[in-house]
1. Would you mind calculating the gained length between Ala31 and Leu166 on full extension (0.36 nm times residue separation, minus the Cα-Cα distance), in nm to one decimal?
2. Determine the gain in length on full extension of the stretch Arg209-Glu323; use 0.36 nm per residue of separation and subtract their C-alpha separation, reporting nm with one decimal.
3. Past the 25 Å Cα-Cα mark, which pairs from Lys141/Lys184; Lys76/Lys293; Lys141/Lys418; Lys76/Lys275?
4. Which of Arg209, Arg152 has the fewest other C-beta atoms within 10 Å, and how do the rest follow up to the most?
5. Could you compute the net charge surrounding Ile369? Neighbours are other residues with a C-beta less than 11 Å from the C-beta of Ile369; K and R count +1, D and E count -1.
6. Using Cβ contacts closer than 10 Å as the measure, can you line up Trp247, Trp194 from fewest to most?
7. Neighbouring Cβ atoms within 10 Å as the yardstick, rank Tyr144, Tyr318 fewest first.
8. So what is the 222 nm mean residue ellipticity for the chain from helices alone, if each DSSP H run of at least 4 adds -39500 (n - 2.57) and you divide by all residues, rounding to the nearest 500 deg cm²/dmol?
Amino acid sequence: MSTAKTVIKNTTILLVGRFLSIGLGIVYVAALARYIHAAGMGKIAIATSLVSILNLIINFGLSQLIVRDVAGDKTKAGVYFSNTLVLRGLLSIVFGIIIVGITRIIEYPYDITLIIYIYGFAYVLDTLTDVAFSIFNAFEKMEYPAAIQTGRDIANVVLSLLAIYLHANLIMIVFISAVACLLKLLASLVILRWRFVRPRLQIDPQLCRRLLVAAIPFATLGIISIIDRQIDVVLLSFYHSEEEVGWFSAANTLITYLLLVPGVFMQAIFPVFAKFHTYSRETLQQAYGTSFKYLLLLGFPLCVGTIVTADRIITLVYGPGFENAASALRILSFTLFWIFGYANGTLLNATGGQSFLATVEGLGLILNIIIALVLIPKFSLIGASIAAIVSGVVFFSPITIVCHRRLEMRLPFPLILKCLVSSICMGIAVSLSLRASINLLFSIFVIAPIVYGVLLLASRAIIFDDIIMLA
């Protein structure tokens, strides 16, 4: 129960911070979309997608390695922090050289090139901040990264909205993000020194080499994951207009916001999985089973609800000119269907299965690129959306089976069926309420949870013990 309380505490703290960030982010995106329109959103999407992919050079899987190793031995925190910071500083130089070379080869317009450089600087600052965040997470003190990230988002949104009000250009708005990232880095270093370890420049070449070698599987996973998420935007920008890239990016951004919920839960549970893998297989089974169940209960209704309300959500958030994004959002919403895969990936990373996971995700990436190259030239953002979900459709079942067999557990087929039926009924209820001209937000936040919750209780998909645990 002590561990469960820690996990729920950390998840709650991270979720509160993320919900605040999501709320602010939606307000910011709504204002920004109306100010710079689809073409401007497309420019930002092109820049962030390219920089996200190249940023893997700096990250190199070191964050997951720090969390896993320091969670098992807290005395490693100081030496891991200093050496990882040095490694990322050196890798940042390589990152800068490559990003300048690529922008010159592709010959992007001047404004997009400048946006790429600014976001590149911001991502370098974020990657350095992430070293401190990894130490916080390893100590299971999620309140610090949550507070810092939320503070960064508040500063970014407030200053950006002020810039929009003052009719600043897009370059100035993007530059504000880099300033917010710098403040985030400084705050994390202050808290690290105050509560955890005193940063010292202790370079151990042998340790650096071991860290790089040990991080290779995590780096491979990171490379595959980011490229898989961003490659469709990059390929879409090669064949179609910035406006179409903006429509696709608008839909993808909303899916990203929804995926923050399972993401923060797995961020909280990862050090726990790593610890239980060392000490107790039975407890690891319990932790994984519970995580899988709750993500399953969450993913199905999110998917169905997004399909039903896609057009209204796009109009509400982005306003006129983004109607074409609704079709892409409906297709991309299938990503939410298998968010229980977050439990699978976390389990494999925490128990030495990262090489297998990297192999499967690598095959998924190849499949994504092939389908994208076939569909995007002809079907634009619809083709990009289909390509983005294909690997998940193909591989979520095999990985789930492997993870359950790894822990000698049975797949919960009755629970899956109950969740599916309850979600479909919930979707029908929401659709009928919208046809009856009931307010969209009331339908989403009142009618949908009540219908879904009652059906889960009636079918015993959730029981009283689940409610007691969360309480």
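Readers should treat all values here as calculations from the given coordinates under stated rules, not as data from a laboratory. Computed from a predicted structure; not experimentally measured. Cβ sites come from the backbone with ideal geometry, for glycine too, and all protein chains shown count toward neighbours.
1. Numbers: separation 135, 0.36 × 135 = 48.60 nm, distance 1.28 nm.
Contour length minus Cα-Cα distance gives 47.3 nm.
2. That works out to 36.0 nm of additional length.
3. Details: Lys141/Lys184 17 Å; Lys76/Lys293 34 Å; Lys141/Lys418 35 Å; Lys76/Lys275 15 Å.
Correct reply: Lys76/Lys293; Lys141/Lys418.
4. With the fewest neighbours first, Arg209, Arg152 line up as Arg209, Arg152.
5. Working: positive: none; negative: Asp228, Asp232.
Summing Lys/Arg as +1 and Asp/Glu as -1 gives -2.
6. Numbers: Trp247 30, Trp194 9.
Listed from fewest to most nearby Cβ atoms, that is Trp194, Trp247.
7. Numbers: Tyr144 22, Tyr318 27.
Sorted ascending by nearby Cβ count, the order is Tyr144, Tyr318.
8. Result for the chain, helices only: -30000 deg cm²/dmol.
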